[in-house]
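For reference, the structure discussed in these notes is given below.
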Amino acid sequence: MKFSIVTIFPEMVEAYLGASILKRAIQKGLITVSVHNLRDFATDKHKTVDDYPYGGGVGMVMKPEPFFRITEGLWPVREERKILVPSPKGPLFDQEKALALSQDKTELVFLCGRYEAIDERVTEHLADEEISIGDYVLTGGELPALVIIDAVSRLIPGVLGDSRSSEEDSFSCGLLDYPHYTRPEDFRGIRVPDVLLSGNHREIAAWRKKRSLQLTMERRPALAERYASSPEDREIIERIKEEQQ
Ligand code: JFH
């Protein structure tokens, strides 16, 4: 899978890509991430990428021309790329979207803004999609681009390594994760639940499923509602509801 990031802070994204799982995925050739400095596509001698907003108001707006020049220069064929613009006003990114993007056959190009906004003609005439990673305001599109690349990459076969599967994740099954424990079995008098020490794998699976459902119903009722469950799951849900009374 090929990702590209356009930014005025290339060193910021390179730092994140140069460590841990994404670094290994890049070394293994499972993903490639190319980082481009938007300033290289500014046309004036000061390499200006921002300007004052028409109509007035606070902050600066990113000029359209550098974004158009880099896109037309590096990704000229529409069918071969998908241009994503991180923005707090985009539709929300979630695990379902991550899965869809991981199956996208085209290169994913992130145009990262800074300041107060990007000129609307970029989002309207250049971007395929605006995308938000959550309802809070960041200082630019770099973290959202990295968040999306991170979440998409770990769904690509081989990125997590053979022993770990993203299919077992919370969210991939639509529920929040169950509680995890490691050694020691008694930490300062706080014990690991007995069922996890029992060696009974059916009972362990049932306990985990129940705790996942419980937590999801408590914290994320909308997620629990959406969860398409079997008649067996329905029964667990009913039992949890009775226990909650
Ligand atoms: C970004 C920034 C917008 C405008 C009322 C609330 C926001 C500052 C480029 C994505 C998510 C981002 C994000 C992505 C790209 C950029 C800063 C944007 C406004 C009006 C102010 C610049 C922010 N999910 N959060 N943040 N900014 N205001």
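The values are calculated or read from the model by the stated rules, or taken from the named source; none is laboratory data. These numbers were taken from a predicted model, which means no experiment stands behind them. Cβ atoms come from the backbone with ideal geometry, glycine included; neighbour counts cover every protein chain shown.
Does segment 116-174 hold any residues that are part of a loop (DSSP other than H, G, I, E, B), modelled with pLDDT under 95 and on the phi < 0 side of the Ramachandran plot, and which are they? Break it down into steps so the answer makes sense when it comes.
Within segment 116-174, the first condition is being part of a loop (DSSP other than H, G, I, E, B), and the residues that meet it are 116, 119, 126-128, 133-141, 154-165, 169-174.
So of that shortlist, the ones also modelled with pLDDT under 95 come out as 161-165, 169-174.
Matches in segment 116-174: ASP162, SER163, ARG164, SER165, ASP169, SER170, SER172, CYS173.
Out of segment 67-91, which residues are within 14 Å of the ligand (Cβ to nearest atom) and not aliphatic (A, V, I, L, M)?
PHE67, PRO86, SER87, PRO88, LYS89, GLY90, PRO91
Every residue, every condition in (1) of a type in the set (Lys, Arg); (2) outside the structural domain of LEU22 (by TED's automatic domain parsing), yes or no:
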{"position": "PRO144", "(1), (2)": "no, no"}
{"position": "ILE149", "(1), (2)": "no, no"}
{"position": "ARG188", "(1), (2)": "yes, yes"}
{"position": "ARG202", "(1), (2)": "yes, yes"}
{"position": "ALA206", "(1), (2)": "no, yes"}
{"position": "LEU213", "(1), (2)": "no, yes"}
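Consider segment 92-141. How many of its residues are within 23 Å of ARG78 (Cβ to Cβ), within 12 Å of the ligand (Cβ to nearest atom) and free of Cβ contacts under 8 Å to residues at least 40 places away in the same chain?
1
Yes or no: segment 44-66 includes at least one residue that is under 30 Å from ALA25 (Cα atoms), within 15 Å of the ligand (Cβ to nearest atom), hydrophobic (A, V, I, L, M, F, W, C) and in contact with a helix residue (DSSP H, G or I) (Cβ under 8 Å, 6 or more places away or on another chain).
No, because not a single residue in segment 44-66 is under 30 Å from ALA25 (Cα atoms), within 15 Å of the ligand (Cβ to nearest atom), hydrophobic (A, V, I, L, M, F, W, C) and in contact with a helix residue (DSSP H, G or I) (Cβ under 8 Å, 6 or more places away or on another chain).
Given the conditions (1) more than 20 Å from TYR16 (Cα to Cα); (2) crowded, with 16+ Cβ neighbours inside 10 Å; (3) within 16 Å of the ligand (Cβ to nearest atom), report the number of the one that ILE148 does not fulfil.
Every condition holds for ILE148 apart from (1).
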